[in-house]
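Student: I'd like to ask you about the structure that follows.
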Amino acid sequence: MKIRTDFGLLWQSVKQMGADERDFSFEVSSREEMDIDIELERGVEVALDDLESTGGLLSYKGRQVLLYIPDHGSWVQSVIDGKNQGNRFHVGDCTKLDEMRQKGKFDRYTVTTDLSGVFRISGQSNVSSHIEHDAELKVCKLCLRMLNYRGYDTGPLAKKVIFEEFSISDFFATYSTQFRFLPKQLLDRRSGYSDEWSEISRRYRESRSWICECCGINLAGNKNLLHCHHVSGNKRDNRDDNLMALCADCHSKQPDHEKMYVRKSEMIEIQRLRRHQGILDVLPGWDAVLEYIDSAYEGVARKIMKTSRSLPAVGEDIENSKGEIVLTPELSWPAQRFAIVDNEEQLDTLTQVGWRAMTMEQVLKS
């Protein structure tokens with residue numbers, strides 16, 4: 001049911017105060033959905049068949065999740081003491097999970113959206129019959145390889161660096177556009193800003209004509225998608241030479257901003273405007289493609305660029321015979337009528353209009 005409310009008087013008051021008019025929307029979550037989020041923070045015991053794969057990522061009831069085996073047997077104490085790394089936690093539908101399915105292993109698996117990196121593990125100790133305790137676990141390298149996370153399998157960074165610097169919060173933020181529900185910890189943003197920040201931000205962005213100083217997108221009609229970035233990282237240094245007006249996408253890709261999430265609806269609108277304003281018309285090379293694409297597609301793009309000679313179009317509409325837009329894939333090759341899509345439903349949509357396509361997961365696992 002849609003609720004229609006006239007906010008005319010409210011916006012009139014907002015303008016009188018000199019503030020911005022912003023897009024406003026909200027979603028109503030059912031009690032069941034809220035209960036799921038609460039349970040996932042604590043950890044939910046599942047079977048492998050309960051899981052879904054979203055672009056190669058592990059998901060449970062529409063949420064991106066981490067998967068691990070709590071039982072560490074007789075070496076649980078050494079894991080708790082930090083002498084042993086313990087079982088790896090999984091972030092993707094990797095070959096190890098395929099192997100477990102094929103062997104019919106029925107271990108007790110737990111999924112969670114806790115971003116702390118600390119997991120509740122258990123086992124048998126020499127002193128007591130049973131022990132439970134919190135311990136840090138490491139990410140599965142096979143998952144990083146399958147997802148090609150940060151170019152793990154094909155990129156310039158060393159695998160060891162990507163593995164050792166892995167951050168769960170950064171990882172979830174990278175793929176935030178792929179999920180409707182995001183962990184509460186990712187949504188919580190601690191301020192640290194000065195009391196006048198809202199006005200300072202508005203004035204600075206206005207002084208830049210609501211244009212992103214990185215990609216050049218004009219967001220005068222979507223002011224909420226233009227952020228004000230502190231170059232030095234000091235949120236209280238509000239001098240103009242320490243500020244930059246950046247769209248949400250460019251802002252999230254700044255150094256030390258990996259934890260900043262971008263919703264799918266926001267990324268779609270940014271790409272639509274970039275395309276409309278000609279920013280995506282002619283990209284000079286793969287570096288530019290990587291700069292402009294949804295960060296969730298980085299692993300896919302880095303894998304494709306190793307074998308593809310032609311550059312993809314980014315965020316280009318695909319139409320049917322009636323000129324109606326049926327889909328706007330992140331990556332496509334119009335001359336070959338080929339595209340990379342999020343899921344099987346989108347793949348079927350393109351097949352019906354004479355296009356070939358592969359899902360993100362198919363590309364990553366090929």
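Student: Go through the range 38-109 and tell me which strands (runs of 3 or more DSSP E), entirely inside it, have 2 or more residues that are open to solvent by 20 Å² or more (accessible area, probe 1.4 Å).
Tutor: Working: elements: 44-46, 52-54, 57-60, 66-68.
Result: 44-46, 52-54.
Student: Please go through the range 193-250 and pick out each residue that is farther than 26 Å from LEU280 by Cα, open to solvent by less than 40 Å² (accessible area, probe 1.4 Å) and assigned to a loop (DSSP other than H, G, I, E, B).
Tutor: Selection gives SER194, ASP237, ASN238.
Student: Continuing with this model, one more query. Checking CYS250 against (1) in contact with a Gly (Cβ under 9 Å, 6 or more places away or on another chain); (2) closer than 23 Å to PHE171 by Cβ; (3) not hydroxyl-bearing (Ser, Thr, Tyr), only one condition comes out false. Which one?
Tutor: (1)
Student: Across the range 86-109, which residue is farthest from GLU41 (Cα to Cα) among those that are in contact with a Leu (Cβ under 7 Å, 6 or more places away or on another chain) and among the polar types (S, T, N, Q)?
Tutor: THR95
Student: Just checking, does the range 276-287 include any residue being touching a helix residue (DSSP H, G or I) at 6+ places or on another chain (Cβ under 8 Å), buried (at least 21 other Cβ atoms within 10 Å of the Cβ), not in a loop (DSSP other than H, G, I, E, B) and not polar (S, T, N, Q)?
Tutor: Within the range 276-287 (the criterion being touching a helix residue (DSSP H, G or I) at 6+ places or on another chain (Cβ under 8 Å), buried (at least 21 other Cβ atoms within 10 Å of the Cβ), not in a loop (DSSP other than H, G, I, E, B) and not polar (S, T, N, Q)), the answer is no, since none of the residues qualifies.
Student: Go through (1) over 26 Å from LYS303 (Cβ atoms); (2) open to solvent by less than 60 Å² (accessible area, probe 1.4 Å); (3) in contact with an Asp or Glu (Cβ under 7 Å, 6 or more places away or on another chain) one by one and return the number of the condition ASP35 breaks.
Tutor: So ASP35 meets the others, but not (3).
Student: Looking at the range 297-320 only, could you name the residues that are of a type in the set (Ser, Thr, Tyr) and either at pLDDT 95 or above or within 15 Å of GLY285 (Cβ to Cβ) (or both)? Lay out the reasoning, then the answer.
Tutor: Of the range 297-320, the ones of a type in the set (Ser, Thr, Tyr) are 297, 307-308, 310.
Across the range 297-320, the qualifying residues are TYR297, SER308, SER310.
The values are calculated or read from the model by the stated rules, or taken from the named source; none is laboratory data. This is a predicted model, so every value here is computed, not measured. Neighbour counts run over all protein chains shown; Cβ positions are idealised from the backbone, glycine included. All accessible areas refer to the heavy atoms of the entire protein, side chains included, with ligands and DNA or RNA removed. Shrake-Rupley method; radii C 1.70, N 1.55, O 1.52, S 1.80 Å.
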